[in-house]
Amino acid sequence: MAAATGDPGLSKLQFAPFSSALDVGFWHELTQKKLNEYRLDEAPKDIKGYYYNGDSAGLPARLTLEFSAFDMSAPTPARCCPAIGTLYN
């Protein structure tokens, strides 16, 4: 309510774009899956990453994909939010 009255002490909610962090383990796991499991299959695959916004002020929020991205039942690290997506390879 204070924002509607123009209170200068309150800042506006703003959109902050993600900064991607593709772990080396993600690329290794993708290579193994492509060679041994997916082969020529180009169907979309479900993947799971996580989002973290607890870095120092001024740093963008990170969306991380690591080796466990292909395991939808893998636990999400503490203080992170899961990010479910689709891989088109």
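Each value in this text was obtained by applying a stated rule to the coordinates, not by laboratory testing. Nothing here was measured: the structure is a model prediction, and the numbers come from that model. Reconstructed Cβ throughout: ideal geometry from the backbone, glycine too, with neighbour counts over all protein chains shown.
Some observations on this one:
- Computed helical MRE - 222 nm, the chain, DSSP H runs ≥ 4 contributing -39500 (n - 2.57), nearest 500: -3500 deg cm²/dmol
- Here each label is just a point 7 Å from Cα along the line to Cβ, and for Lys33 and Ser19 those points are 2.6 nm apart.
- Lysines whose Cα lies under 26 Å from that of Lys48, excluding same-chain neighbours fewer than 8 positions away: Lys33, Lys34
- Degrees between helix 24-33 axis and first principal axis of the chain (Cα, 0 to 90, nearest 10): 40 degrees
- Normalised contact order of the stretch 8-67, rounded percent, pairs of Cα under 8 Å and 6 or more residues apart: 51 percent
- With the charge dipole of the chain set up from +1 on Lys and Arg Cβ and -1 on Asp and Glu Cβ about the Cα centre, the Cα lying farthest toward the positive end among the listed residues Leu13, Trp27, Pro60 is that of Leu13.
- Difference of contour (0.36 nm per residue) and Cα-Cα distance, Leu40 to Leu87: 15.5 nm
- Each DSSP beta bridge with both residues in the stretch 31-89 is either parallel or antiparallel, and the antiparallel ones are about 100%.
- For the chain, the calculated P(r), taken from all Cα-Cα distances in 5 Å bins from zero up to the bin holding the longest distance, is 3, 12, 18, 19, 13, 11, 8, 6, 5, 3, 2, 1, 0 percent.
- Unit charges on C-beta of K, R, D, E only; dipole of the chain, Debye: 100 debye
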